[in-house]
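Just passing along the structure, written as structure tokens.
The values are calculated or read from the model by the stated rules, or taken from the named source; none is laboratory data. Nothing here was measured: the structure is a model prediction, and the numbers come from that model. Cβ placement follows ideal geometry from the backbone for every residue including glycine, while neighbour counts extend to all protein chains displayed.
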Amino acid sequence: MRIYGAARRGAGPAAGKRGGAGGRRLPPGAALLLLALIAGGCVGGGEIPATRFYVIDYSLAPRKNSAPLLPVSVGVDNFRSDALYRSERMVFRKAPYRVDFYPYERWGARPDEIVTDRMIDHLLALNRFREVVRAGGGTRVGYLVRGRVKRFEEVDSPGGYAAVVQIEISVVHRRSGRVILQRRLKGEKRAKTKPPQGYVNAMAENLRGLLGKAAEEIAEAVSRHLRRRAPRP
């Protein structure tokens, strides 16, 4: 499993410190004084800290299984996501109805992009389909996998930190337009070390288990649908 953090200069305060979406406003006079001090080099004086970027990029060995190869092509459409997760910002939650963001740590891609890429990896590693492709590339497919990211966040509690992910998946038979599978899956994994790195590691483990389960259910749904459509002797 490979999890990377990369730094980019010029983004704000030191990595590892987190904050909410707002703060107290300075009185006009104090704000002008602060600007004058900054312009004169009297505040800070240190190097501008870095923004760090994290990716989830684990390896999957092709599975050796006794199940027959399904003679179909499966396409994976780009997953969508709820509004909160449509950027690279890392979300954390300390209360059910409040969210905050890591101000200077980011995902290397949006959560929906991460999940789409890893979903393709899991379906390929399963070795159950004749072909697995990214939808929209002009390849005709028999079945289309669609999905949506409902949660992709760190949850903080007195007991520690956890990576929580929730996704919706569906499988559509392209010729008939029939939905043959529709599921909502949720996974939660406790971080073994402090965030942000501990959170990223936990999210990688969480996704690996959750998407592995999703791939199995997709293969079973396609296999079941093919058996029902097969001509009877």
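Go through (1) without any contact (Cβ under 8 Å) to a residue 60 or more places away in the chain; (2) part of a strand (DSSP E or B) and name the single condition ARG146 misses.
Unmet condition: (1).
If you go through the range 181-233 one residue at a time, how many are under 23 Å from LEU69 (Cβ atoms) and not hydrophobic (A, V, I, L, M, F, W, C)? Don't jump to the end; show me each part of the working.
Within the range 181-233, the subset under 23 Å from LEU69 (Cβ atoms) is 181, 211-233.
Checking the rest, the ones that are also not hydrophobic (A, V, I, L, M, F, W, C) come to 212-213, 216-217, 220, 223-225, 227-229, 231-233.
Of the residues in that region, 14 qualify.
In contact (Cβ under 8 Å) with a residue 40 or more places away in the chain, outside any helix (DSSP H, G or I) and within 12 Å of the chain's Cα centre (by Cα): which single residue out of ALA109, ALA162 fits that description? Steps first, answer last, please.
Details: ALA162 fails: within 12 Å of the chain's Cα centre (by Cα).
The match here is ALA109.
Yes or no: the range 114-129 includes at least one residue that is at negative phi, surrounded by 18 or more Cβ atoms within 10 Å (Cβ to Cβ), in contact with a helix residue (DSSP H, G or I) (Cβ under 9 Å, 6 or more places away or on another chain) and part of a strand (DSSP E or B).
Looking for residues that are at negative phi, surrounded by 18 or more Cβ atoms within 10 Å (Cβ to Cβ), in contact with a helix residue (DSSP H, G or I) (Cβ under 9 Å, 6 or more places away or on another chain) and part of a strand (DSSP E or B), one finds at least one in the range 114-129, hence yes.
Restricting the range 49-90 to residues that are within 14 Å of the chain's Cα centre (by Cα) and among the basic types (Lys, Arg), which is surrounded by the fewest Cβ atoms within 10 Å (Cβ to Cβ)? Spell out the reasoning first.
To start, the set of residues in the range 49-90 that are within 14 Å of the chain's Cα centre (by Cα) comprises 53-58, 78-90.
So of that shortlist, the ones also among the basic types (Lys, Arg) come out as 80, 86, 89.
On the way: ARG80: 15, ARG86: 13, ARG89: 16.
Per the criteria, the residue is ARG86.
Sort through GLU154, GLU217 and tell me the only one that's at pLDDT 95 or above and crowded, with 20+ Cβ neighbours inside 10 Å. I'd like the intermediate steps shown before the answer.
On the way: GLU217 fails: crowded, with 20+ Cβ neighbours inside 10 Å.
So the residue among GLU154, GLU217 that is at pLDDT 95 or above and crowded, with 20+ Cβ neighbours inside 10 Å is GLU154.
While we're on this one: Looking only at the range 86-95, decide whether some residue is within 30 Å of GLY177 (Cβ to Cβ) and at pLDDT 95 or above.
Here is the first cut: in the range 86-95, the ones within 30 Å of GLY177 (Cβ to Cβ) are 86.
Narrowing further to those that are at pLDDT 95 or above: 86.
Yes - at least one qualifying residue is present in the range 86-95.
When you go through GLY137, GLY160, GLY108 one by one, which is the residue that is farther than 23 Å from TYR54 by Cα and not hydrophobic (A, V, I, L, M, F, W, C)? First the steps, then the outcome.
Details: GLY160 fails: farther than 23 Å from TYR54 by Cα; GLY108 fails: farther than 23 Å from TYR54 by Cα.
Criteria check complete, one pass: GLY137.
Under 6 Å between Cβ atoms, which residue pairs at least 6 apart in sequence (or on different chains) link something in the range 181-207 that is at positive phi with a partner that is surrounded by 19 or more Cβ atoms within 10 Å (Cβ to Cβ) and of a type in the set (A, V, I, L, M, F, W, C)?
Going by the 6 Å Cβ cut-off, there are no qualifying pairs.
Residues checked against (1) under 17 Å from LEU226 (Cα atoms); (2) small (Gly, Ala, Ser); (3) surrounded by 18 or more Cβ atoms within 10 Å (Cβ to Cβ):
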| position | (1), (2), (3) |
| --- | --- |
| VAL132 | yes, no, yes |
| GLY137 | no, yes, no |
| PRO158 | no, no, no |
| VAL165 | no, no, yes |
| ARG174 | yes, no, no |
| ARG178 | yes, no, no |
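Of the residues LEU211, LEU185, only one is in contact with a Lys or Arg (Cβ under 7 Å, 6 or more places away or on another chain) and either acidic (Asp, Glu) or surrounded by 21 or more Cβ atoms within 10 Å (Cβ to Cβ) (or both); which? Step through it out loud before you land on a result.
Details: LEU185 fails: either acidic (Asp, Glu) or surrounded by 21 or more Cβ atoms within 10 Å (Cβ to Cβ) (or both).
Going through LEU211, LEU185 in turn, just one is in contact with a Lys or Arg (Cβ under 7 Å, 6 or more places away or on another chain) and either acidic (Asp, Glu) or surrounded by 21 or more Cβ atoms within 10 Å (Cβ to Cβ) (or both): LEU211.
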